[in-house]
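Note sheet for the following structure.
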Ligand code: FES
């Protein structure tokens, strides 16, 4: 048993408000709380992925982690009934109206073994023909569907890949999936943005897991189709790629590249112009994830800035053999590139900060002596 090592934290009155704060005791973050005339002190490092408990909030007798909302009793450090996790508790005493903490915790941390999420598994390409996923990002009332130029050209490409190029294919319409927008876990801390996505782990009803499964594990080629809306890709496209932050962030915090040996290409259509800007954004984003591209990695169509007669635009695309052949050639080039990439293994499983400056990212690690 360690000897008590009492440290004066300050006057009692000065520590009552705010009711939860993070203090540093010999370099360790402590979540110090005050409620119902009782102080509590527990190690301020969440057992999930290290969230700062002292910066969370109090709910009843528990501290709620600010990162993904796990809870720990503010005095004992125990998770709510039914959960076994526990963070160390520190003893407190009041003397001469000052609050003292024993710097040696009286309980130990306990991190129970949580079964890994199905998306947290080794990435290994299964044997078989080239696999192509098409992702349509146009938005419409699915009960009253309309003709979509981007969706139709994507269908042409996918059908061609399946019927003429012997690829396995999958077609995902984001419009059919229910998924939440990114809620900015990364904005709390790079380490709060987890793989698999924090939302995917917490919300079983969120269907973006299908897209992660296809992109990370299944497909060799990803072909994304978008309309142009006010000069940009569709809002559904942006909703999807914001949720891809967790994929890129693995490079930032772990030097881990989840996208390996995969090819991306794009179909972009719109009534008015701005193709190159949309293509530039899409190429930039998918390159940040680790994708490579075929030569001439997108096809596009607009009738120009002053073309407001959209019904003619639909007729043009529906009747255009050039565009359909362009879609076929695009998927052919993408598959050819996928074969090269797979054969030569051009990607890498690790890369240091993806070329960014190697700033030192650290997480609040619990000191090893109290593990
Ligand atoms: S809930 Fe605390 S780090 Fe995730």
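All of the numbers you see were taken from the coordinates with simple rules; none came from a lab. Nothing here was measured: the structure is a model prediction, and the numbers come from that model. Here the Cβ is made from the backbone with ideal geometry for all residues, glycine too, and neighbour counts use every protein chain on show.
Between 0 and 90 degrees, rounded to the nearest ten: what's the tilt of helix 149-163 against the longest Cα principal axis of the chain?
Approximately 80 degrees, to the nearest ten.
Which residues in the stretch 261-282 place their backbone N less than 15 Å from a point set 7 Å from the Cα of residue 316 along the Cα-to-Cβ direction?
Inside the label zone: 268-276.
In whole Å, how far is the Cα centre of the stretch 143-158 from that of the stretch 225-293?
19 Å
What residue among 139, 106, 130 shows peak mean-square fluctuation when the chain is described by a Gaussian network model with Cα springs under 10 Å?
The residue that fluctuates most here is 106.
Taking the convex hull of the alpha carbon atoms in the stretch 6-102, what volume per residue do you get, in Å³?
Spelled out: Cα convex hull of the stretch 6-102, divided by residues, is 85 Å³.
Over all distinct Cα pairs, what is the inverse of the mean 1/r for the stretch 72-188, reported as the Kirkwood hydrodynamic radius in Å?
Averaging 1/r across every pair of different Cα atoms and inverting gives 20.7 Å.
Hey, any idea what the orientation-averaged projected area of the convex hull of the stretch 131-355's Cα atoms comes to, in nm²?
For the stretch 131-355, averaging the hull's shadow over all directions gives 12.6 nm².
How long is the gain from residue 166 to residue 140 if the chain were fully straight, where each residue apart is worth 0.36 nm and the alpha carbon distance is subtracted?
Gain on extension, residue 166 to residue 140, equals 6.3 nm.
Looking only at 79, 233, 157, which one moves most when the chain is put into a Gaussian network model with springs between Cα atoms under 10 Å?
For the chain, modelled as a Gaussian network with Cα springs under 10 Å, the answer is 79.
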